[in-house]
Every structure is written in structure tokens, then in C-alpha cells.
1. Could you point to the residue in Ser122, Leu75, Met190 farthest towards the positive end of segment 44-191's charge dipole, with +1 and -1 charges on the Cβ of Lys/Arg and Asp/Glu respectively?
2. For a protection proxy built on the mean count of beta-carbon atoms within 10 angstrom, sort 147-156, 60-69 highest first, please.
3. Sorting check: for 211-224, 79-92, which peptide has the highest mean count of neighbouring beta carbons within 10 Å, and how do the rest follow?
4. For Arg191, put the label point 7 Å out on the Cα→Cβ axis and report which residues of segment 20-36 keep their amide N under 16 Å from it.
5. What does the extension gain come out to for Lys12 and Ala35, with contour length at 0.36 nm per residue minus their alpha carbon separation?
6. Counting other Cβ atoms within 10 Å of each Cβ, which chymotrypsin sites (Phe, Trp or Tyr not before Pro) in segment 1-67 have at most 10 and sit in a DSSP loop?
7. To the nearest 20 debye, what charge dipole does the chain have about its Cα centre, counting +1 at the Cβ of each Lys and Arg and -1 at the Cβ of each Asp and Glu?
8. Cα to Cα, under 25 Å, and not fewer than 8 places away if on the same chain: which lysines meet these conditions relative to Lys213?
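The values are calculated or read from the model by the stated rules, or taken from the named source; none is laboratory data. These figures come from a predicted structure and were not determined experimentally. Cβ coordinates were reconstructed from backbone atoms using ideal geometry, including for glycine residues, and neighbour counts include every protein chain displayed. Quick note on the areas: whole protein, heavy atoms, side chains included, nothing else; ligands and nucleic acids left out. Shrake-Rupley method; radii C 1.70, N 1.55, O 1.52, S 1.80 Å.
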Amino acid sequence: MAPRRKKIYEGKAKILYEGPEPGTLVQYFKDDATAFNAQKKATIEGKGVLNNRLSEFFMTGLTNVGIPNHFIRRLNMREQLIRQVEIVPLEVIVRNFAAGSISKRLGIEEGTALPRPIVEYSYKNDALGDPLVPEEYIVAFGWANQQDLDDIVSLALRVNDFLSGVFFGVGIKLVDFKIEIGRIWDGDYMRLIVADEISPDSCRLWDVKTGQKLDKDVFRRDLGSLTDAYTEVARRLGVMPANATPMKPTLIN
Ligand code: TMP
């Protein structure tokens, strides 16, 4: 058997391997699902295949409208080639409608339209449970400077406009989502780009007509089959044929 490529990092839902060229990585999508900072765990067959395809679809769409991101190309059912970035240690959350933690924190009924898109940040730290942090903390602790934050808000709102439109076109309301941001250098010049993944794991997606949840809340709240929900999203977007059977992982050499 060929030796496995060097593992760079393993997270809850993905693994990063060394890429074929300097400055690249291979991002492998696992079937593992976690919620509530990994207090709830399951393996959901086919989730990784769906998220690999869906993230490819959204990142390619971002590229097509000029929003810089880490995606280079999909390699196989579970892997994609990406640009290596230095991840900014923030979860950048954009909310269009109240749901989840903002509803709990402020007592706003889920589904209430927000006066404008709200961008907020959590500090990426599993041991602390990714706490919500104000810009003041981010700048003071040097996770990002004020210019970076301006660029991050601009990226996040552009992604929001793009995704909201794409989802609305297939009868889905984009309630909220999370993105991660990476730094890349061209010589001395630093740029911020969209990294990680965009998939139903990191969005709240509600059917426009019925309000049916088509995202990871299906798993968090035990609302049925997560694979069925993600498959429905993929089907509506024309990303995968309706009856495609997720295949076993194939690794490239
Ligand atoms: P929240 O309502 O729990 O703060 O989540 C807001 C959005 O961010 C929701 O679409 C889920 C997503 N999210 C993640 O992708 N990863 C996380 O660790 C958390 C807390 C939220």
C-alpha cells in the first residue's frame, strides 16, 4: 500500500493533508458530525461526500463573482485541493434572521427578520466552546487588526449576498451562516480570503414555503435524516443527481 500523505491537521469534520505542491493542501471531508462543541457526535454516512460537493459548488460560485477563496479544484468524492492559508482564529457569523444562539441570548423568536445583516465573531477555541467576542478583544489580542476586520466584514457581506440569492433561487431561506477567513501572502503583501467550507454544516437553511430545516439543526435537534436534508439541498442546486449513492472514500496518491 502506498504511504499515506502527511496529515497536517485533523478537525471535527475534516482532515487536512499535505498538498502536491507548496502552498496547497488536500481537504478531506469526513462523515463525522458534532454539535454543541462535540458533546453530541455521530457518523452520518455520505455527509462528507455531500459537503465536499456543496462546498465546491459555493466556492466556485464565489470565484465566479470575484470573491477570493481557498478552493482550487475537487479531486475526488471526498477531497478537494485548496490553497494553504493561515486561518484567522475567528468564526465569522452572518445572520439575516434570528435563530440559535442570538434567539436564546436576546429572547428573539426564531425566524424574526433582523433589521440588517448582523456580523459577529466567535473566538475559535474548542476548550472554551468558541466564545462570542467583540471587535475590541480581536484587535487587543492581535487575532486581527482593524483593517483586517473591515476586510472581513466586507467579505462576509458579499458572501451573504451571493449565498442568499443562490439559495432563494431554489426556495431556501439563508437564515445565518459561518465562514472562516485565511491569510495568504504574495511576497510581502497579505490578503484575506474565504477558507474552510461552505455547506449545510455551517449554514441555517429553511425551506421558504414550509420552514423545513435543511441544515445541521436536523442533527442538533434530532429532526430526522441529515443525509436526506443535505441531499435535498444538493438536488435543488443541481449539484448531485437525485438518486446518486454516496461512494466509499477514494484517496488520490
Ligand atoms: P449559533 O446560532 O449557534 O451561534 O450559530 C450561528 C451559525 O453559525 C449557524 O449557521 C451555525 C454556524 N456555526 C458553525 O458553523 N459552527 C459553530 O461552531 C457554531 C457555534 C455555529
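1. Leu75
2. Numbers: 147-156: 16.9, 60-69: 15.4.
Result, highest mean first: 147-156, 60-69.
3. Values: 211-224: 17.5, 79-92: 19.3.
Result, highest mean Cβ count within 10 Å first: 79-92, 211-224.
4. Once the point is set 7 Å along Cα→Cβ of Arg191, 23-24 turn out to lie under 16 Å by backbone N, inside segment 20-36.
5. Numbers: separation 23, 0.36 × 23 = 8.28 nm, distance 0.97 nm.
Full-extension gain reported as 7.3 nm.
6. Details: sites: Tyr9, Tyr17, Tyr28, Phe29, Phe36, Phe57, Phe58; in loops: Phe36.
Sites meeting the loop and neighbour criteria: Phe36.
7. On the way: 34 positive and 34 negative charges, 173 e Å.
For this selection, approximately 820 debye.
8. Excluding near neighbours in sequence, the set is Lys12, Lys14, Lys30, Lys40, Lys41, Lys47, Lys104, Lys173, Lys178.
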